[in-house]
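Structure first, then comments.
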Amino acid sequence: MQDAETPRIALPARPVTISPAVTAGTLIYLAAFALRLLPVFAFPSIDYPDEIFQAVEPAHRLVYGTGLIPWEFVYGMRSWALPGFIAGIMKATRIVGDGPAIYMPAIGTVLAALGATSALCAYLWGRRFYGVWGGIIAGALTACWIDAVYFGPRPLSEAVSAHLLVIGLYLAAPGYAVRGRGRLALAGLILGVAALLRIQIAPAVAIFVLWNWVDTVPAGQRLPPLIAGGLVAIALFGALDAVTWGWPGESLWRNVLINLWYGVSTHWGAEPWHYYLDAVLFYWGAATAVMLVLARLGARRLPVLAALALIILVIHSAIPHKEFRFIYPALLLTVISAGLGLAQVVDWLADGFALRGMTERAALHAAAVPVLALAVLTPAGLADSPNYRALWTRDADVVRADRIVAALPDVCGIELYGVPWFLSGGYSLMHQNAPLYWEDDLAWFTAHRDAFNTVVATHPLPANSGFATVHCTHNVCVARREGPCTALPMTVPGPPPGLGQVAPLAH
């Protein structure tokens with residue numbers, strides 16, 4: 001025991017050091033996160049109505065009590081998992097304030113943080129196979145790739161499931177032996193959530209699980225915890241469906257029944273099998289061939305990414321109704337695999353420089369720096385192409401008009417004159433407790449103009465209508481009139497053709 005009079009010896013403080021690998025990974029994640037905030041703050045738009053009416057609008061109805069009810073939520077073919085998650089974010093922001101100026105940036109920021117994890121996973125895979133510089137190359141390409149930036153913060157099931165899919169794949173650690181049961185169970189849980197959010201990728205997830213069974217020595221060692229985690233995800237989704245729709249799995253079987261058996265999804269158009277190949281060529285142009293070659297190189301070390309991307313592409317190509325956003329999970333996996341292929345190129349170049357007498361460090365820098373610049377500048381160039389510029393500004397004028405409406409006082413009725421309800425942004429963007437109308441008819445407008453005092457219009461308003469323009473962005477204008485509104489029942493969004501044999505559910 002130390003004597004009370006014995007002087008204490010002060011030990012020197014041990015300096016806290018952060019390894020270059022941790023620093024590089026942190027910077028990759030922060031760069032990816034910052035880029036994914038661009039669609040949230042700099043270029044707000046709506047890629048497709050589903051990001052509002054399948055996610056944010058139901059969440060708004062949960063939190064604020066107002067919201068249009070699309071037909072999918074009348075017929076019980078959507079899970080409340082994603083709207084419920086977004087409602088949680090929306091509810092949390094009420095501590096700060098109400099309105100889309102508060103909760104929409106919060107939703108985008110949370111989803112941008114989730115989307116940025118894909119770049120971090122790419123970095124970690126690249127570092128494992130090719131060292132820190134390999135991780136930087138793979139992570140930078142994924143962080144900067146235009147589709148990952150554009151879709152990263154959007155509340156679309158395709159985007160959220162894609163990011164969860166990458167996280168689950170990384171935790172399951174394909175390509176090297178990880179047998180921690182807790183990590184594998186968590187991977188199974190996340191993969192299960194990804195598959196249930198976007199049931200079209202479920203076959204790819206199932207094939208990955210079987211891949212672990214045949215690729216493990218001893219066989220099946222990784223399979224039980226993966227399956228256990230997946231079963232937890234199924235149980236949670238089943239319980240949510242039971243609470244919200246009446247039966248476990250209700251939203252899944254109704255989705256399949258309505259879209260595939262009754263063919264309702266083809267109401268919005270059917271495309272040929274090569275539509276997605278054409279779409280990728282349309283947006284990526286000459287970079288398509290380079291990315292596919294690089295993805296094939298990346299598959300030499302991590303074949304599962306390219307294989308799952310191909311499976312997702314084939315499955316979606318077989319479904320008649322096609323949209324570019326549907327294959328975002330496949331695009332993201334392809335980009336990560338291409339990043340690994342680019343890291344392989346750097347490795348080969350560095351070996352060549354070393355054979356010419358360079359030191360190992362100098363050779364690696366000489367190879368990696370120009371390739372890193374290429375990984376950053378290529379997606380930047382694509383982002384400035386006409387095709388992507390049109391994508392980034394989709395429905396942006398309506399979003400700006402909705403922001404103005406949300407800030408107006410004493411709104412007692414809103415008419416969407418020339419703006420279909422599904423392109424309007426709904427109550428979640430206008431955030432007014434007032435009836436909403438969308439009759440695109442001059443006679444109706446003139447006869448019922450006393451029922452609304454606010455108009456969002458793409459058509460010129462009738463002469464002497466009593467409405468004065470508040471603001472215009474291109475061809476979308478907001479107009480107001482003074483005075484109260486008379487009562488007029490709202491129109492309810494109707495279902496598409498082909499649903500006569502399906503009973504709607506209570507909502």
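Throughout, read-outs are computed from the coordinates displayed, never taken from laboratory work. Keep in mind that this is a model prediction, so the values were computed, not measured. Using ideal geometry, Cβ is built from the backbone for each residue, glycine included, and neighbour counts are taken over all protein chains shown.
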Once you charge only the Cβ atoms, +1 for Lys and Arg and -1 for Asp and Glu, what is the size of the charge dipole of segment 366-507 about its Cα centre, to the nearest 20 debye? 280 debye
What distance in nm separates the simple spin-label points at Arg181 and Glu482, each placed 7 Å from Cα in the Cβ direction? 7.6 nm
Least to most buried among Asp384, Asp397, Asp98, Asp402 (fewest other Cβ within 10 Å first): Asp384, Asp98, Asp397, Asp402
Cα-based Rg then Dmax for segment 50-95, in Å, read 10.0, 34
For Ala463 and Arg94, calculate 0.36 nm times their separation in residues minus their Cα-Cα distance, and state this gained length in nm to one decimal. 128.7 nm
Okay, which of segment 467-493 sit inside 17 Å, backbone N to the point 7 Å along the Cα-Cβ direction of Arg389? 474
Let me check I have the definition right: for the chain, take the eigenvalues of the Cα gyration tensor, multiply each by 5, take square roots. What are those semi-axes in whole Å, largest first? 45, 27, 26
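Of the DSSP beta bridges with both residues in the chain, give the percent that are antiparallel, rounding to the nearest 5. Numbers along the way, then the final one.
Working: 9 of 15 bridges.
The antiparallel fraction comes to roughly 60 percent.
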Which residue, chosen from Val314, Ile18, Leu281, occupies the Cα position most advanced towards the positive end of the dipole of the chain, where the dipole is computed from +1 (Lys, Arg) and -1 (Asp, Glu) charges on Cβ about the Cα centre? Ile18
Would you kindly compute the Cα radius of gyration of segment 198-303 and its largest Cα-Cα separation (Dmax), both in Å? 19.2, 50
Go through the chain and flag any cysteine with no other cysteine's C-beta closer than 4.7 Å, please. Cys121, Cys144
With +1 at each Lys and Arg Cβ and -1 at each Asp and Glu Cβ, the charge dipole magnitude of the chain around its Cα centre, to the nearest 20 debye, comes out at 1500 debye
For the chain, what relative contact order do you get, as a whole percent, if you take Cα pairs closer than 8 Å and at least 6 residues apart? 18 percent
So what does log10 I(q)/I(0) come out to for segment 407-456 at q = 0.31 Å⁻¹, using the Debye formula with one equal point on every Cα and no solvent? -1.31
According to the square roots a ≥ b ≥ c of the eigenvalues of the Cα gyration tensor, what is the shape class of segment 95-248, taking rounded for a/c under 1.5, prolate for a/b larger than b/c otherwise, and oblate for the remainder? oblate
Tell me which residues come under 5 Å, amide H to amide H, from Tyr437 once H is placed; ignore anything under 5 positions away on its chain. Ile414, Glu415, Leu416
Please name whichever of Tyr388, Val376, Tyr328 sits farthest to the positive end of the charge dipole of the chain, dipole taken about the Cα centre and charges placed at Cβ: Lys and Arg +1, Asp and Glu -1. Val376
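Mean Kyte-Doolittle of at least 0.0 and a Cα length of 20 Å or more along the axis: which whole DSSP H helices of the chain meet both? Provide the component values of the computation, followed by the final result.
Details: long enough: 20-36 (24 Å, 1.34); 100-144 (44 Å, 1.10); 157-172 (22 Å, 1.47); 181-197 (24 Å, 1.68); 223-245 (32 Å, 1.68); 303-318 (23 Å, 2.42); 328-355 (41 Å, 1.37); 360-383 (35 Å, 1.35).
Correct list, ordered by number: 20-36, 100-144, 157-172, 181-197, 223-245, 303-318, 328-355, 360-383.
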Report the one residue of Val243, Ala202, Ala119 whose Cα lies farthest in the direction of the positive end of the charge dipole of the chain (charges on C-beta: Lys and Arg +1, Asp and Glu -1; origin at the Cα centre). Ala119
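Determine how many Å³ per residue the convex hull of the Cα atoms of segment 243-347 encloses.
Working: hull volume 13.2 nm³, N = 105.
Output value, Cα hull per residue: 126 Å³.
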Give, to the nearest whole percent, the P(r) tail of segment 377-507 beyond 20 angstrom, counting all Cα pairs. 51 percent
